[in-house]
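A.B. asks: Supplied in structure tokens, the structure appears directly below.
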Amino acid sequence: MKLMWFHLMPYTELPADFKQKHPSVWVDIHSSLFDPKRAHLMYNDFMDELEFAADCGYDAICVNEHHSNGYGLMPSPNLIASSLARRTTDATICVMGNSIALYNPPTRVAEEFAMLDVISGGRLIAGFPVGTPMDDCYAYGTNPSQLRERYYEAHDLVMKAWQEKETFAFNGRYNQQRYVNIWPRPVQQPHPPIWIPGGGSVETWQWCAEMDYVYCYLSYYGHKAGKVTMDGFWAEMDRLGKDRNPYRAGFAQTVAVAESHDQAMEMYTDAAEYFFGRCLHIDPRFAAPPGYSTEATQRAGLSSQVSAAALRSVARPTTMKELVDAGYVVIGSPKDVTEQLIELAENLNVGNLMLLMQFGNMNKDLTRYNTRMFAEKVMPKLKKFYGEWEHRWWPKPMDTTQRADVPAWQPQAAE
């Protein structure tokens, strides 16, 4: 099993009455709530935490893209990933991902991902999300009925830009370029591994099967609520004649570890209730614009859990006990957490587990404690899970003897 440390970079100082006084954490969240000087400290803590996770031996460190929100302060995950590529040596850099339908032209994504792959020595996983309606349709103004067409066209342009050896012209419906010839080009050939974050669309499942990409369910509402979606994904793989290699799938799960269950409940309650109560407070106006969900997905009765929660079509746990009982948070002693994650892996058939070890307003010390506890007392028991399967979707970096020698940063002495 691949154990991946995933950071959302949530704003950690939303007021206690945020949910009562503000309609949404996304799209129209008021600018008065953002303090750049406080966010300066947050960003640097977040990057320290990602680097710490790499040092602890996690297989990958993960970042993602969101816009106009207090839930994730990464409108450009590539900026964060470029620093991580320089300051880490072994961990895979998973950018989950760039919302390629938003870029004009999408060759910008091809160029920046190629840069990241080169700087890191071939450690990049390239994520291509279709994107949330809050980001794509409202914050960036993309017509929801055109979003998937734009996405497919952008994908084709990026992939051809990585693989075509000669300069070429691209004439699509949404993108026209006379000269496409990116420099640099990625280390990994023919291209870095492609992973597709999704919320439960039938078309996304079929797309992953057709292209042989990894499907990643980033629900944030836990393994119990996610089982329906993952069962649907594997049923579709069966229908299409694909094997049940667990590395075809990724899943995000909030995890909290301490010496005992009671201690963990005491230590992590505030952060969990902050995250699920404030960071995922979304106005129903922004959750499901007409045309965003395809006909096949609607006929299958599927919707993203973010949309379902925003539209109040599912009951939302609020207290820590309710969050734990619903499976939103895997929590407890190392033994408790190990058993729960084995159950998760077996029930969902997932080989790439994306761990939310920092969530909500969790401070740096508690994040490092959670990260280290998991690495030392849980990770060794999970590492060999699914060892009988080949992981064909993992980066193949340059040999360490061929890579640049990048010493750890040290402060300069004053002259």
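A.B. asks: Given (1) under 28 Å from Cys62 (Cβ atoms); (2) part of a strand (DSSP E or B); (3) of a type in the set (Phe, Trp, Tyr), identify the lone condition not met by Trp183.
C.D. replies: Evaluating Trp183 over (1) under 28 Å from Cys62 (Cβ atoms); (2) part of a strand (DSSP E or B); (3) of a type in the set (Phe, Trp, Tyr) leaves (2) as the failure.
A.B. asks: List the residue pairs whose Cβ atoms are under 8 Å apart, where the first residue sits in segment 229-258 and is surrounded by fewer than 16 Cβ atoms within 10 Å (Cβ to Cβ), the second is part of a strand (DSSP E or B), and the two are 6 or more positions apart or on different chains.
C.D. replies: Within 8 Å, no pair qualifies.
A.B. asks: Scanning for something touching a Leu at 6+ places or on another chain (Cβ under 6 Å), buried (at least 17 other Cβ atoms within 10 Å of the Cβ) and at pLDDT 95 or above, does segment 156-168 turn up at least one residue? If you could, list the steps in order and put the result at the bottom.
C.D. replies: So the first thing to find is which residues in segment 156-168 are touching a Leu at 6+ places or on another chain (Cβ under 6 Å), and the list is none.
Checked against the condition, which is being touching a Leu at 6+ places or on another chain (Cβ under 6 Å), buried (at least 17 other Cβ atoms within 10 Å of the Cβ) and at pLDDT 95 or above, segment 156-168 yields no hits at all.
A.B. asks: Does Glu149 qualify as being without any contact (Cβ under 8 Å) to a residue 60 or more places away in the chain, over 25 Å from Arg285 (Cβ atoms) and over 21 Å from the mean Cα position of the chain (by Cα)? Step through it out loud before you land on a result.
C.D. replies: On the way: without any contact (Cβ under 8 Å) to a residue 60 or more places away in the chain: yes; over 25 Å from Arg285 (Cβ atoms): no; over 21 Å from the mean Cα position of the chain (by Cα): yes.
Considered against the rule, which asks whether it is without any contact (Cβ under 8 Å) to a residue 60 or more places away in the chain, over 25 Å from Arg285 (Cβ atoms) and over 21 Å from the mean Cα position of the chain (by Cα), Glu149 comes out as no.
A.B. asks: Select from segment 52-69 the residues that are part of a loop (DSSP other than H, G, I, E, B) and among the polar types (S, T, N, Q) and write down the one among them that is farthest from Leu366 (Cα to Cα). I'd like the intermediate steps shown before the answer.
C.D. replies: Taking segment 52-69 as the starting set, the residues that turn out to be part of a loop (DSSP other than H, G, I, E, B) are 56-59, 64-68.
Imposing the further condition that a residue be among the polar types (S, T, N, Q) reduces the set to 64, 68.
On the way: Asn64: 22, Ser68: 27 Å.
Ranking the candidates gives Ser68 first.
A.B. asks: Here's another thing I want to ask about it. State the number of residues belonging to segment 375-390 that are within 22 Å of the chain's Cα centre (by Cα) and closer than 16 Å to Ala53 by Cα.
C.D. replies: Result for segment 375-390: 4.
A.B. asks: Also, quick follow-up: Across segment 42-76, which residue is surrounded by the most Cβ atoms within 10 Å (Cβ to Cβ) among those that are in contact with a His (Cβ under 9 Å, 6 or more places away or on another chain) and closer than 19 Å to Val118 by Cα?
C.D. replies: Looking at residues that are in contact with a His (Cβ under 9 Å, 6 or more places away or on another chain) and closer than 19 Å to Val118 by Cα, I get Cys62.
A.B. asks: Just one of the numbered conditions (1) surrounded by fewer than 19 Cβ atoms within 10 Å (Cβ to Cβ); (2) in a loop (DSSP other than H, G, I, E, B); (3) not charged (D, E, K, R) is not true of Phe359; which one?
C.D. replies: (1)
A.B. asks: Among the numbered conditions (1) touching a Pro at 6+ places or on another chain (Cβ under 6 Å); (2) at pLDDT 80 or above; (3) over 16 Å from Tyr71 (Cβ atoms), tell me where Asp283 comes up short.
C.D. replies: Here Asp283 clears every test but (3).
A.B. asks: Have a look at Leu356, Leu341 and point out the one that is touching a helix residue (DSSP H, G or I) at 6+ places or on another chain (Cβ under 7 Å) and modelled with pLDDT of 95 or more. First the steps, then the outcome.
C.D. replies: Values: Leu356 fails: touching a helix residue (DSSP H, G or I) at 6+ places or on another chain (Cβ under 7 Å).
That would be Leu341, the only listed residue that is touching a helix residue (DSSP H, G or I) at 6+ places or on another chain (Cβ under 7 Å) and modelled with pLDDT of 95 or more.
A.B. asks: Sort out which residues of segment 247-263 are touching a strand residue (DSSP E or B) at 6+ places or on another chain (Cβ under 8 Å) and either within 18 Å of Gly387 (Cβ to Cβ) or part of a helix (DSSP H, G or I) (or both), and write them in order of number. First the steps, then the outcome.
C.D. replies: Looking only at segment 247-263, we keep the residues that are touching a strand residue (DSSP E or B) at 6+ places or on another chain (Cβ under 8 Å), and these are 247-258, 260-261.
Correct list: Tyr247, Arg248, Ala249, Gly250, His261.
A.B. asks: Restrict the check to segment 367-377 and report whether at least one residue is at pLDDT 95 or above, in contact with a Gly (Cβ under 8 Å, 6 or more places away or on another chain) and of a type in the set (Gly, Ala, Ser).
C.D. replies: Going residue by residue through segment 367-377, those that are at pLDDT 95 or above are 367-377.
Checking which are in contact with a Gly (Cβ under 8 Å, 6 or more places away or on another chain) leaves us with 375.
Pick out the ones that are also of a type in the set (Gly, Ala, Ser) and you get 375.
Looking for residues that are at pLDDT 95 or above, in contact with a Gly (Cβ under 8 Å, 6 or more places away or on another chain) and of a type in the set (Gly, Ala, Ser), one finds at least one in segment 367-377, hence yes.
A.B. asks: Being more than 17 Å from the chain's Cα centre (by Cα) and among the hydrophobic types (A, V, I, L, M, F, W, C) is true for just one of Met230, Met265. Which residue is that? Write out each step before concluding.
C.D. replies: Working: Met230 fails: more than 17 Å from the chain's Cα centre (by Cα).
Within the list Met230, Met265, the selection yields Met265.
A.B. asks: Test Leu341 against the stated conditions and say whether it is in a helix (DSSP H, G or I), more than 20 Å from the chain's Cα centre (by Cα) and buried (at least 20 other Cβ atoms within 10 Å of the Cβ). Steps first, please.
C.D. replies: On the way: in a helix (DSSP H, G or I): yes; more than 20 Å from the chain's Cα centre (by Cα): no; buried (at least 20 other Cβ atoms within 10 Å of the Cβ): yes.
Spelling it out, it is not the case that Leu341 is in a helix (DSSP H, G or I), more than 20 Å from the chain's Cα centre (by Cα) and buried (at least 20 other Cβ atoms within 10 Å of the Cβ).
A.B. asks: I'd like the full set of residues that are of a type in the set (Ser, Thr, Tyr) and in contact (Cβ under 8 Å) with a residue 24 or more places away in the chain, limited to segment 1-35.
C.D. replies: Kept after step one, since they are of a type in the set (Ser, Thr, Tyr), are these residues of segment 1-35: 11-12, 24, 31-32.
Of everything in segment 1-35, those that are of a type in the set (Ser, Thr, Tyr) and in contact (Cβ under 8 Å) with a residue 24 or more places away in the chain turn out to be Tyr11, Thr12, Ser24.
A.B. asks: Let me ask something else. In this structure, is Gly122 at positive phi and either part of a helix (DSSP H, G or I) or at pLDDT 95 or above (or both)?
C.D. replies: On the way: at positive phi: yes; either part of a helix (DSSP H, G or I) or at pLDDT 95 or above (or both): yes.
Yes: the conditions hold for Gly122.
A.B. asks: Let me confirm something: among Tyr274, Tyr268, which residue is in contact with a strand residue (DSSP E or B) (Cβ under 9 Å, 6 or more places away or on another chain) and either of a type outside the set (A, V, I, L, M) or assigned to a helix (DSSP H, G or I) (or both)? Give the derivation first.
C.D. replies: Values: Tyr274 fails: in contact with a strand residue (DSSP E or B) (Cβ under 9 Å, 6 or more places away or on another chain).
Just one listed residue meets the conditions, Tyr268.
A.B. asks: Continuing with this model, one more query. Return the residue satisfying two criteria in turn: it lies in segment 116-130 and is in contact with a Phe, Trp or Tyr (Cβ under 8 Å, 6 or more places away or on another chain) and not aliphatic (A, V, I, L, M), and of such residues it is surrounded by the fewest Cβ atoms within 10 Å (Cβ to Cβ).
C.D. replies: From segment 116-130, those in contact with a Phe, Trp or Tyr (Cβ under 8 Å, 6 or more places away or on another chain) are 124-128, 130; that's our starting set.
The next check asks that each one be not aliphatic (A, V, I, L, M); those that pass are 127-128.
Values: Gly127: 29, Phe128: 27.
Among those that are in contact with a Phe, Trp or Tyr (Cβ under 8 Å, 6 or more places away or on another chain) and not aliphatic (A, V, I, L, M), it is Phe128.
The values are calculated or read from the model by the stated rules, or taken from the named source; none is laboratory data. Since this is a predicted model, take the numbers as computed values, not measurements. Methodologically, a virtual Cβ is constructed for each residue, glycine included, from the backbone with ideal geometry; neighbour enumeration extends over all protein chains shown.
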